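Written out below as structure tokens is the structure these notes cover.
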Amino acid sequence: MKTDLRTIPRGKKELFIRAMMLALPMIIQNGITNAVGLVDNMMVGSLGPESMTGVSIAGQLFFVFNLAVFGALSGPGIFGAQFYGNNDIEGVRRVFRIKLWAVFLITLLGIVIFIFDDDLLIGLYMKGSAEKIDPVLTMERSKAYLRIMLAGLLPFSLTQVYSSSLRETNESVLPMIAGLCSVVADILFNYLLIFGKAGLPALGVEGAAIATVIARFIEFGVLITAAHVRRSRYPFLQGVYKTLLVPKSILVPVVKKGIPILINEFMWASGIAALTQCYSIRGLDVLTALGINNALSNVMNVVFVALGSAVGIIVGQMLGAGELNLARKSAFRLMWFSAGICVFISIAQILIAPFFPLVYNADESIRRMATHIMIITALFFPVQGFLNTEYFTIRSGGKTLVTFLMDSIFTWVVVVATVFVLSRYTNIGVYGIYTISQALDLLKIAFGAFLIYKGVWLNNLSKGVATNG
């Protein structure tokens, strides 16, 4: 007999198993996707530091866009998980429609900004200097990559709508399969188009961008085809396009909860981009080293990112089912579980760090800098694992204003401000500045733990929202 995944886990062992059941497909999908990003990064890195730095700068800009999309989906996602926990399929269906409108508007805005402000945005990262990196060539490579990548923004955004809604209803395998198809396509076309294999022209960074766009269309096509062919398994997709109108009774509360998350994700991503710009004051070679670090760290951190998402879904379903005390107890258990797993991830990255930069066509000083930054990043993985779980727990109860203050406001007012001052008005090296910026998150952990203990986030949102209007 097949297990009903909506059954609320009550024991510690059952809770951890449920978290891993939800997180593992996301870890596999995101891990492989980021591993492909790592391979792409190494392929581009073989073209020289200008190509790698140019793509890294464009990647920072797309990082802000991606987080804006995730933020737009996260607010409705809180309701989606709770509606599903309350067995309200019509509520899930209407949340899906809200997501469609949200990503369409964000994608349109993003394309306009990237087309008309690309010189300004890329130029923000060109303030530093480096003897062995040509800034003019770096700018050209970055703009060429960015312009082509615009074609993949809409399929990427729509894929996130389907993937997030499926996961909120406990289906994380199908998005994983679609992601794997994308990965295979991405590796194949990157190899063919970057280096000009099988009779195709060698397009360099433009080839990397084209390959990524192709892969995103393939992922989107596989996901929506499989989801709608098997829509009997996903009731919220049945009749979902009969109308795109959403009743005010559900739209208003979702928007009220969602806007702080959207603003938060955008401001947080912008804050991370601003931090990178501050580090670049120490030289363009710092950007190259950070790009090498991010290529490996993004593969490693998929574990706590996926666990955070799983925790938000599990705790959200508990809240929707009215199990408030169980939700509080489970939240603390899952925080320590996530931090404990991250210890092993930290050890793995520290062991890999001295060898990983050797695959890049970069100066020895850049490789050495990348190794040191990777080790610093790894030491704070448990902190990030605990903090990520705190964030999703508080957000699952609809306390989006609290997470806004805790996340993006803290990032800008404390972290960015501190790094801005240190990078411009002190002689502290990049290692010291980077370590301080990571350590400041300990303050957030203390604040988040206090809020979770006080129970201010324990809210059943599905109970007070009408979905039959």
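The values are calculated or read from the model by the stated rules, or taken from the named source; none is laboratory data. A quick note: this is a predicted structure, and the numbers were derived from the prediction, not measured. Note that we place each Cβ from the backbone using ideal geometry, even for glycine, and neighbour counts take in every protein chain shown. Just so you know, the surface numbers come from the protein's heavy atoms only, side chains and all, with ligands and any DNA or RNA stripped out. Shrake-Rupley method; radii C 1.70, N 1.55, O 1.52, S 1.80 Å.
A compact table of results
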item	result
Candidates PRO260, PRO253, filtered to the one that is open to solvent by 10 Å² or more (accessible area, probe 1.4 Å), at pLDDT 85 or above and not acidic (Asp, Glu)	PRO253
Test for ILE352: is it farther than 26 Å from PHE450 by Cβ and out of contact with any Asp or Glu (no Cβ under 8 Å at 6 or more places or on another chain)	yes
Residue selected from the range 438-452 under the condition in contact (Cβ under 8 Å) with a residue 24 or more places away in the chain and farther than 26 Å from LEU275 by Cα, by the criterion surrounded by the fewest Cβ atoms within 10 Å (Cβ to Cβ)	LEU451
Any hit, the range 131-144, residues being under 26 Å from ILE263 (Cα atoms), touching a residue at least 24 places away in the same chain (Cβ under 8 Å) and crowded, with 21+ Cβ neighbours inside 10 Å	no
Restricting the range 349-370 to residues that are surrounded by 15 or more Cβ atoms within 10 Å (Cβ to Cβ) and aliphatic (A, V, I, L, M), the residue that is farthest from ILE394 (Cα to Cα)	ALA362
PRO247 being surrounded by fewer than 23 Cβ atoms within 10 Å (Cβ to Cβ) and either farther than 18 Å from VAL103 by Cβ or β-branched (Val, Ile, Thr) (or both)	yes
Flag if LEU150 is closer than 19 Å to ILE214 by Cα, part of a helix (DSSP H, G or I) and open to solvent by less than 10 Å² (accessible area, probe 1.4 Å)	no
Flag if ASN66 is assigned to a loop (DSSP other than H, G, I, E, B) and open to solvent by 20 Å² or more (accessible area, probe 1.4 Å)	no
Index of the failed condition, GLY322 passing every other in (1) of a type in the set (Gly, Ala, Ser); (2) within 30 Å of LYS454 (Cβ to Cβ); (3) part of a helix (DSSP H, G or I); (4) out of contact with any Asp or Glu (no Cβ under 9 Å at 6 or more places or on another chain)	(3)
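Residue by residue, here is whether (1) open to solvent by less than 40 Å² (accessible area, probe 1.4 Å); (2) in a helix (DSSP H, G or I); (3) free of Cβ contacts under 8 Å to residues at least 60 places away in the same chain holds:
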{"position": "THR389", "(1), (2), (3)": "yes, yes, no"}
{"position": "PHE392", "(1), (2), (3)": "yes, yes, no"}
{"position": "LEU401", "(1), (2), (3)": "no, yes, no"}
{"position": "LEU405", "(1), (2), (3)": "no, yes, yes"}
{"position": "VAL413", "(1), (2), (3)": "no, yes, yes"}
{"position": "PHE420", "(1), (2), (3)": "no, yes, no"}
{"position": "GLY432", "(1), (2), (3)": "yes, yes, yes"}
